[in-house]
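**Q** Have a look at this one before I ask anything.
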Amino acid sequence: MVLNGKNILLVITGGIAAYKALDLIRRLRERGGVIRCVMTKGAKEFITPLSVQALCENPVMDDLFNLTQEDEIGHIRLSRAADLVIVAPASADFLAKMAHGLADDLASAVLLANNKPLLVAPAMNPHMWAHPATRRNVEQLKGDGVFFIGPETGEMAERNEAGTGRLSEPLTIVQAAEDLLTAPKRSCLPKLEGKKILITAGPTHEPIDPVRYIANRSSGKQGYALAEVCVEAGAAVTLISGPVNLAPPDGLVLKKVETASEMLQAVKDSLPADIAIMAAAVADWRVDKVAMDKIKKGEEGYVAPLFLSENPDILKTLCAMENRPSLVVGFAAETEKILEYAQIKLSKKGADMIVANNVAPKSFGGIGVMGGDRNIVHLVTADGHESWKEMTKNDVAKRLVTVLAEKI
Ligand code: CTP
C-alpha cells in the first residue's frame, strides 16, 4: 500500500462538497494513511468536527489561537509532520487566500508555513471556477508549485446548474495523492531530489512601441519539456519563461518575463541553484528607445529607422557569477556550422555543456525544431561531442536530465 504509514494532513474548507471529505478520510485510511484534519470555520457549517474526528481518529484542529491545540501541535509542526498536505474541498475563497499568502486562520497559516507537496481539490459553482479572479489565483498557485486535481464537469448541487466545479471523487483524489508520493520513485528517471534547477525557456519579446516587438520563432517546448522531466525526477524547479502558448507543468515555480533584461533579473533573483539550463532563445538586440506611442507610417516611402543595442548575455553573465550553479548548460540555436559554432559558444560563454541544434525551419531545409515537437541535438562539452538521433523533445529532455544527474 502506497500510503502505508504516510502522514497526510487534510485541510477541509467550506462548501457543500465538504461531506465528501468524510469518505476521502475513509479511503485514505483504507490505504494505510495516517490522517490529521484541519477544518475552516466554513467547513464546520457543512460537516461537524465530531464526524471528522471519529473517522480520522485524531483530534480535529481548527483554531489558530487555541493555546492547547497550538501547544500540542502548532501550525508549523502540522506541516513538518506531514508527508503530503491535501486541501479538499478547496473553496474559491480559500484558493484566493492561498494565492495571496493570507494566514488569518489555522488552515491558511498551516499552508503558508507548509514545505511539503500540496494537492488541492477545488469545488465550487462553475461561474466561480470560471471567474477571471479564480483563474488568476489557480495560475498563481500552479506557478508556486501547487498540484491540482479536478474540479470535474457535471451536475452541481444547485438546481439547474451544471459545468466545471464538482469536487473530484474521493478515489480520484486518493489516486492523485498516491501518484504524488510515488512519482519520482516510479519514474525511470534518475533522482534529482534536493537539487534546485533553474531553466529558461521560450523567446523574449523586445518592444519597439506599445504594439510592436522584436521576437523569434521559439515555442518554448524544449525548455518546458526539460522543466517537466526535472520535476518528475524530484528536483525543485524554477522555470523562467518568455511569452509562450504552453500550459506550465505542475509542481514548479514559474516566473513569466517578456524581455531579455527581465529574464536576466529573474535568473539572478532565482539563485542559488545547483543546475541551470538556459534553453531560452533570447533576442540578441533590443530597441534603444521604445516609443511611448505607436510609430506612424509617415510620408509614403519613409522607413522608420530602428536603433538597436545588444542585450545582456544571460548565460555568459550567469557563468561568470560568484554563485554560479555547479552545472550550467547552454543551448546553441544554429542554421549552419552547428558543431563549430557550439564549441565557440561553450568556451566564450563559460558553460559546462552546450546542447546544439539546427533550428532552420522546413522551408530552409531544417526539421522545423522551432515550434515543432522533435529535435536533433548534439551535446558539446570540452571533451568533445555526442550526436543524438532525431527524437521527441520530451525524449531529448529525459536523456539530457539523465546526463545531468550523472554529472552533478
Ligand atoms: N543566451 C543568453 N542571453 C543572450 C543570448 C543567448 O543567455 N542574450 C543563451 C541562450 O539561452 C543559449 C545560448 O546563450 O543557451 C546560445 O544562444 P544562441 O541564440 O544560440 O546564441 P547567441 O549567443 O545569441 O549567439 P548568435 O545569435 O550569434 O548565434
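The values are calculated or read from the model by the stated rules, or taken from the named source; none is laboratory data. Quick caveat, the model's predicted, so the values are computed rather than measured. Note that we place each Cβ from the backbone using ideal geometry, even for glycine, and neighbour counts take in every protein chain shown. Only protein heavy atoms, including side chains, enter the accessible area calculation; ligands, DNA and RNA are left aside. Shrake-Rupley method; radii C 1.70, N 1.55, O 1.52, S 1.80 Å.
**Q** Do any strands (runs of 3 or more DSSP E) entirely within segment 290-408 hold 3 or more residues that are over 24 Å from the mean Cα position of the chain (by Cα) and more than 16 Å from the ligand (Cβ to nearest atom), and if so, which?
**A** Values: elements: 308-310, 327-334, 353-358, 377-381, 384-387.
Fully inside segment 290-408 and qualifying: 384-387.
**Q** Could you tell me how many of the residues in segment 177-217 are at pLDDT 85 or above and of a type outside the set (A, V, I, L, M, F, W, C)?
**A** Counting residues in segment 177-217 that are at pLDDT 85 or above and of a type outside the set (A, V, I, L, M, F, W, C) gives 18.
**Q** Across segment 274-289, what is the total count of residues that are assigned to a strand (DSSP E or B) and charged (D, E, K, R)?
**A** Within segment 274-289, residues that are assigned to a strand (DSSP E or B) and charged (D, E, K, R) number 1.
**Q** State yes or no: is VAL403 crowded, with 19+ Cβ neighbours inside 10 Å and farther than 19 Å from ALA201 by Cα?
**A** So VAL403 does not fit the description; no.
**Q** For LEU308, all conditions in the list (1) under 30 Å from ALA273 (Cβ atoms); (2) touching an Asp or Glu at 6+ places or on another chain (Cβ under 7 Å) hold save one; what is the number of the exception?
**A** For LEU308, the exception is condition (1).
**Q** Right, here's the next one. Hey, among ASP104, ASP83, which residue is at pLDDT 90 or above, open to solvent by 30 Å² or more (accessible area, probe 1.4 Å), of a type outside the set (Phe, Trp, Tyr) and more than 26 Å from VAL231 (Cβ to Cβ)?
**A** ASP104
**Q** Which one is nearest to the chain's Cα centre (by Cα), of the residues in segment 258-289 that are more than 29 Å from LEU400 (Cα to Cα) and among the charged types (D, E, K, R)?
**A** The qualifying residue nearest to the chain's Cα centre (by Cα) is ARG286.
**Q** Could you tell me whether LEU327 is among the hydrophobic types (A, V, I, L, M, F, W, C), touching a residue at least 12 places away in the same chain (Cβ under 8 Å) and within 30 Å of LEU271 (Cβ to Cβ)?
**A** It is true that LEU327 is among the hydrophobic types (A, V, I, L, M, F, W, C), touching a residue at least 12 places away in the same chain (Cβ under 8 Å) and within 30 Å of LEU271 (Cβ to Cβ).
**Q** Still on this structure: Quick check: is even one residue across segment 224-243 more than 28 Å from LYS116 (Cα to Cα), surrounded by fewer than 20 Cβ atoms within 10 Å (Cβ to Cβ) and within 13 Å of the ligand (Cβ to nearest atom)?
**A** No - not one qualifying residue is present in segment 224-243.
**Q** I need the full set of residues from segment 191-234 which are under 19 Å from ASP395 (Cβ atoms) and of a type in the set (Val, Ile, Thr), in order please.
**A** Within segment 191-234, ILE197, ILE199, VAL229, VAL231 meet the criteria.
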